[in-house]
1. Any residue in segment 47-60 that's in contact (Cβ under 8 Å) with a residue 24 or more places away in the chain: show its pairings with residues that are surrounded by 11 or more Cβ atoms within 10 Å (Cβ to Cβ) and aliphatic (A, V, I, L, M) at Cβ separation under 6 Å, as long as the two are six or more apart or on different chains.
2. Pull up segment 68-106, narrow it to residues that are out of contact with any helix residue (DSSP H, G or I) (no Cβ under 9 Å at 6 or more places or on another chain), surrounded by 17 or more Cβ atoms within 10 Å (Cβ to Cβ) and of a type in the set (A, V, I, L, M, F, W, C), then point me to the one that is farthest from Asn169 (Cα to Cα).
3. Scan Val65, Val25 and give me the residue that is more than 27 Å from Lys167 (Cβ to Cβ), at pLDDT 95 or above and either loosely packed, with under 10 Cβ neighbours inside 10 Å or of a type in the set (Val, Ile, Thr) (or both).
4. How many of the residues making up segment 134-177 are out of contact with any Lys or Arg (no Cβ under 7 Å at 6 or more places or on another chain), modelled with pLDDT of 95 or more and basic (Lys, Arg)?
5. For the list (1) under 25 Å from Leu23 (Cα atoms); (2) in contact (Cβ under 8 Å) with a residue 40 or more places away in the chain, I need the number of the one condition that Ala125 fails.
Amino acid sequence: MRFYFKIILIFFLNINTSYSEVLRVFEFTEDEFKTLKTRKVKGETKWSLGSNDNGNFIRAEAEGVGSGLGKEVSINLNKTPFINITWKVEKDLSGIIENSKKGHDFAARVFVVKKTGKTALSNRAVNYVFSSNNSINESWRSPYTKKSIDYVLSTTKNNLNKWITVKANVKDHFKKLHNLEVNELNGVAIMTDTDNSKLKAISYYQNIYFSSE
């Protein structure tokens, strides 16, 4: 009996040790959709909800327009520093120069935002993108503001029209890209935009959450 008890105790200790804390950002439900904040750059991206075997997703379609959906949410990066994103680009924007003003469009992107002042213009952001032309782990400052940095997590050169899941250490990226020690994020947003290139993009977002590992 004592041997059996020890085995059970070790089993539960292993479960607790390997437990990963998770903070889900979006549910992509009808009720949530009504509460998300819309940020229009030019015109409005078409957003629609759907689901598959892996849960709910949101579909985005933009042609010569651009807008984002986001929410204010506090995320403790000391507990959950990793962002996890499942996404797909059905129609990309190949041929544009993404780090220029005329080509600064992305079929899919996820912003993580840290408030650093009283106005939105003072905020710092890392813009995780599904690039149509660049390689994974490339990064550059936005041509429109030095306070937002684009970072390539996925590329359609390898994964056009395929669901893929990616992960990034947001706390490390704020330190590396902005030279900021960030303990807490204040917001997350998604955006599909083609207002600069005037092209058409179609993408999907699913399972966006933060984790401890």
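The values are calculated or read from the model by the stated rules, or taken from the named source; none is laboratory data. Given the structure is predicted, the values throughout are model-derived calculations rather than measurements. Quick reminder, even Gly has a Cβ in these numbers, built from the backbone with ideal geometry, and neighbours come from all protein chains shown.
1. Note: pairs meeting the criteria are Ile58/Leu49.
2. Taking the candidates together, the pick is Ile96.
3. On the way: Val25 fails: more than 27 Å from Lys167 (Cβ to Cβ).
That would be Val65, the only listed residue that is more than 27 Å from Lys167 (Cβ to Cβ), at pLDDT 95 or above and either loosely packed, with under 10 Cβ neighbours inside 10 Å or of a type in the set (Val, Ile, Thr) (or both).
4. So the count comes out to 5.
5. Of (1) under 25 Å from Leu23 (Cα atoms); (2) in contact (Cβ under 8 Å) with a residue 40 or more places away in the chain, only one is false for Ala125: (2).
For (1) of a type outside the set (Asp, Glu); (2) over 21 Å from Ser212 (Cα atoms), each residue gets a yes or a no:
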residue: Asn158; (1), (2): yes, yes
residue: Ala168; (1), (2): yes, no
residue: Asp172; (1), (2): no, no
residue: Lys175; (1), (2): yes, no
residue: Asn179; (1), (2): yes, yes
residue: Glu184; (1), (2): no, no
residue: Gly187; (1), (2): yes, no
residue: Asp193; (1), (2): no, yes
